[in-house]
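**Q** Let me give you the structure first, and then I'll get to my questions.
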Amino acid sequence: MLQITPQMRILVAIEPVDGRKGIDGLAQLCRQKLAEDPFSGCIFVFRTRSGTSIKLLAFDGQGYWLAQKRLSEGRFKN
């Protein structure tokens, strides 16, 4: 279970990403596009190009968490 604290940073990518990207691809985007360390404990939020889902990436000290929310109807707004 991810535990979100008031001190935790949540970083949202403003450019959409390829929905097929997994943990390694998203961690690479954290380094390259966001200039952040994916091991920092932040929660990274990515929106897919289609706008039908978002992905959350977080490192908890032992490993990565990757969560996805996909809408059954409609799209997330830009």
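The values are calculated or read from the model by the stated rules, or taken from the named source; none is laboratory data. Owing to the predicted nature of the structure, the values given are computational and were not obtained by experimental measurement. So basically every Cβ, Gly included, is an ideal-geometry build from the backbone, and we count neighbours across all protein chains shown. All accessible areas refer to the heavy atoms of the entire protein, side chains included, with ligands and DNA or RNA removed. Shrake-Rupley method; radii C 1.70, N 1.55, O 1.52, S 1.80 Å.
**Q** Apply the Kirkwood formula to segment 5-78: the hydrodynamic radius equals the inverse of the mean of 1/r over all pairs of different alpha-carbon atoms; give it in Å with one decimal. Don't skip to the answer; put the middle values down first.
**A** Working: mean 1/r = 0.0795 Å⁻¹.
Averaging 1/r across every pair of different Cα atoms and inverting gives 12.6 Å.
**Q** Now a separate question. Where nothing but the Cβ of Lys and Arg (+1) and of Asp and Glu (-1) is charged, how large is the charge dipole of the chain around its Cα centre, in debye to the nearest 20?
**A** 340
**Q** Okay, next question. Given a cut-off of under 8 Å on Cα pairs at least six residues apart, what relative contact order in percent is computed for the chain?
**A** Rounded, it is 28 percent for the chain.
**Q** Ignoring any ligand, DNA or RNA, what whole percent of the accessible area of the chain comes from carbon and sulfur when the probe is 1.4 angstrom?
**A** Answer for the chain: carbon and sulfur cover 51 percent of the accessible area.
**Q** Only bridges with both residues in segment 1-67 count here: give the DSSP antiparallel percent, nearest 5.
**A** Of the beta bridges lying entirely in segment 1-67, close to 70 percent run antiparallel.
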